[in-house]
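Every number here is computed from the coordinates shown, using simple stated rules; none is lab data. Here the structure is a predicted model, which means the values were calculated and not measured. Cβ: placed from backbone, ideal geometry, glycine included. Neighbour counts: every protein chain shown.
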Ligand SMILES: Cc1cc2nc3c(=O)[nH]c(=O)nc-3n(C[C@H](O)[C@H](O)[C@H](O)COP(=O)(O)OP(=O)(O)OC[C@H]3O[C@@H](n4cnc5c(N)ncnc54)[C@H](O)[C@@H]3O)c2cc1C
């Protein structure tokens, strides 16, 4: 990135095993940033700035440099959240040279439900109005949707001293689920999210239920956007299930003319197919789960494997669905040494083992 990195902050983390933690950070951030690793140090470069992390005396010394105060705050929160996530139940101390200059999360956007309607029998589109939709144009596609408890005035998250998000608790606890911004309507200042209605007998589905019951005027917040850029390549292989369909549709809609795309999309049946507009050329193959032989597993992954066998190294591979199929495709791409910069492989949901 070329922007001047004028906003700086240092931090010190004391994890149980600093070298192991550095490895975890590099392994994770390679999906989101350019990562340069040496024995005891790493440099992470992303759109929001750089993070230099080095091991010294069993500590991780962190230097952040960003082009704005907002970016610095987001960078600090991202590093803090990930460090504590990787630490799990192990002890971790994290402190920063200065406390946060911002008292609120810089990337939180309040939004109000405008309408909700079915696009197909199991895909429900909710349109939200937000004061400023410009942060959602281009770039990252995903958000954390924050849904307040019904009938209560929302309490939105703030920041902890160590940079992590301070989530409201008790009666103010929020439902938090990750979704894709399917489209941004700049003129009407609207954002669209398509929610799969996925019945799960015996378990609650708060994200899907929110969309099912959404009423105009209801308030939510969107945290982001983040994680999952629109891929930029002349040739793209897109594959996924219904949870990935909004992202596949958005990529198809936003690629420049001349982009060649092949898509393999798994849905329940023909009624769940959607027309996907694109300025590029798009060849779609719909897989209908309902027509699979009983007990069939991993069909989407198998079909994607065949498609990967026929592509060249320059083709961007975009794959998202349930965790198990994602593991298969990740392993295949690794064994083929497909360039990591030319792929996005992410699990969007996890099957309940029960
Ligand atoms: C980056 C990203 C982008 C995403 N974008 C979208 C999007 O645009 N639209 C969308 O609908 N989803 C999207 N998802 C998936 C969505 O976050 C999950 O499906 C989420 O679990 C839904 O929350 P819930 O409250 O409805 O169900 P949960 O409370 O999370 O789960 C309840 C039960 O439903 C099962 N379940 C969860 N998701 C599915 C599914 N997709 N199919 C079948 N069973 C499921 C779980 O195994 C569990 O048993 C995205 C996920 C990620 C990580």
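State, to one decimal in nm, how far the label point of residue 4 lies from the label point of residue 58, with both points 7 Å from Cα in the Cβ direction.
My value for the distance between the label points is 4.2 nm.
How compact and how long is the chain, expressed as Rg and Dmax of its alpha-carbon atoms in Å?
My reading of the Cα-based Rg and Dmax gives 21.0, 60 Å.
Given the stretch 7-96, what whole percent of its Cα pairs are spread farther than 15 Å?
Here the tail beyond 15 Å accounts for 53 percent of pairs.
Checking a compactness column here: for the stretch 230-349, what do you get for Rg(Cα) / (2.2 N^0.38 Å), N being the number of residues?
0.99
Any number yet on Rg/Rh for the stretch 133-188, C-alpha, Kirkwood?
1.05
Could you work out the helix-only [θ] at 222 nm for the chain, with each DSSP H run of four or more residues adding -39,500 (n - 2.57) and the total divided by the number of residues, to the nearest 500 deg cm²/dmol?
Per the formula, -6500 deg cm²/dmol.
Tell me, what is the FRET efficiency for residue 90 and residue 337 to the nearest 0.05, using R0 = 35 angstrom and their Cβ-Cβ distance as r?
0.60
Report the calculated FRET efficiency for residue 312 and residue 19 (r = Cβ-Cβ distance, R0 = 30 Å), to the nearest 0.05.
With R0 = 30 Å, the Cβ-Cβ based efficiency is 0.20.
Rounded to the nearest 0.05, what FRET efficiency is calculated for residue 289 and residue 165 with R0 set to 56 Å and r the Cβ-Cβ distance?
Efficiency for this residue pair is about 0.95.
Name the shape class, rounded, prolate or oblate, that the alpha-carbon gyration tensor gives for the stretch 185-284, where a ≥ b ≥ c are the square roots of its eigenvalues, rounded holds for a/c under 1.5, and otherwise prolate holds if a/b is larger than b/c and oblate otherwise.
Oblate, because a/c is 1.5 or more while a/b does not exceed b/c.
Rounded, prolate or oblate for the stretch 108-227? Axes are the square roots of the Cα gyration tensor eigenvalues, ordered a ≥ b ≥ c, and the cut-off for rounded is a/c under 1.5.
It is oblate, given that a/c is not under 1.5 and a/b is not larger than b/c.
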